[in-house]
Amino acid sequence: MGSRSDKVTALETLSGRPGRQGRKLSDRVYGDIVDRIIKGEYGEGQRLPSEEKFASLHGVSRPIVREALARLREDGLVRSHRGAGSFVLLRPDRAMLDFAPLESLADIQRCFEFRIAVEAESARLAALNATAEDKRAISAAFALLEQRIRENALGVDADYGFHLAIAHATHNRFFADTLVSLEAPITYGQRLARGLGQRHPGCHLPAVQEEHRDIHDSILAGDAEAASRHMRTHLGNSRRRVFEG
């Protein structure tokens, strides 16, 4: 009889998608490729090694490599051309290595994706449903963000608090409950983004705060579509700032 790893690989191949073990392996492959891109081993515009070579290098099946490459494409780091292979599209900020372990990068990307989907709707509903008390809470959270910038503090508490105040203003408890349940990964991503931003305080953090101001003002004005659009823009920009510098 074959080994357990052989059976897992066979099941992955038959199902067309990796199982739980496969997902962990693809994260490892993903992280290694990102590491090599950040360090310049694979430069922008350069063709990546073949799936077969990556599979051999990591001791995994080709479906595992394909999943890692698919994530890299989704994250805008590589592009693929049928018959020609995959090419590096973007080199993330090397400073990321000072703040986040490589194995966490895939989860950070996925968390941003999830937040864009959920919090854009949260902002829209907040603009429609916020009471006078809700608006005061959102304004207080925004003011605390301003204070943190003046203090040159990281301000993750204020950043999270601002987004949570908006979730509460929807008057649908599931939005706030979701943010509370995901506080650890959300604040992890915020800490990374704001930590990188402190390296360029005259550019990064004021730009982020202007995005917060757009969200704040739209909600207070009751402009649901603008609030949703500004939240989507803000979180999309945050994701790009983390990975592009």
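Residue-wise test of (1) of a type in the set (Ser, Thr, Tyr); (2) more than 28 Å from residue 34 (Cα to Cα); (3) open to solvent by less than 30 Å² (accessible area, probe 1.4 Å); (4) without any contact (Cβ under 8 Å) to a residue 12 or more places away in the chain.
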site	(1), (2), (3), (4)
141	no, yes, yes, no
152	no, yes, no, no
159	no, no, yes, no
177	no, yes, no, yes
216	no, yes, yes, no
230	no, yes, no, no
236	no, no, yes, no
242	no, no, yes, no
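Quick check on this structure: which one of 33, 38 is open to solvent by less than 30 Å² (accessible area, probe 1.4 Å), modelled with pLDDT under 85, β-branched (Val, Ile, Thr) and closer than 26 Å to residue 239 by Cα? Give the steps one after another, and end with the answer.
On the way: 33 fails: modelled with pLDDT under 85.
Exactly one residue qualifies, and that residue is 38.
Okay, residues lined up against (1) at pLDDT 90 or above; (2) of a type in the set (Val, Ile, Thr):
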{"residue": "59", "(1), (2)": "yes, no"}
{"residue": "72", "(1), (2)": "no, no"}
{"residue": "88", "(1), (2)": "yes, yes"}
{"residue": "107", "(1), (2)": "no, no"}
{"residue": "128", "(1), (2)": "yes, no"}
{"residue": "131", "(1), (2)": "yes, yes"}
{"residue": "143", "(1), (2)": "yes, no"}
Selection from region 123-152 of residues that are in contact with a helix residue (DSSP H, G or I) (Cβ under 6 Å, 6 or more places away or on another chain) and on the phi > 0 side of the Ramachandran plot: none
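The values are calculated or read from the model by the stated rules, or taken from the named source; none is laboratory data. Quick caveat: nothing in here was measured; it's all calculated off a predicted structure. Virtual Cβ from ideal backbone geometry, glycine too; neighbours counted across all protein chains shown. SASA here: full protein model, heavy atoms, side chains in, ligands and nucleic acids out. Shrake-Rupley method; radii C 1.70, N 1.55, O 1.52, S 1.80 Å.
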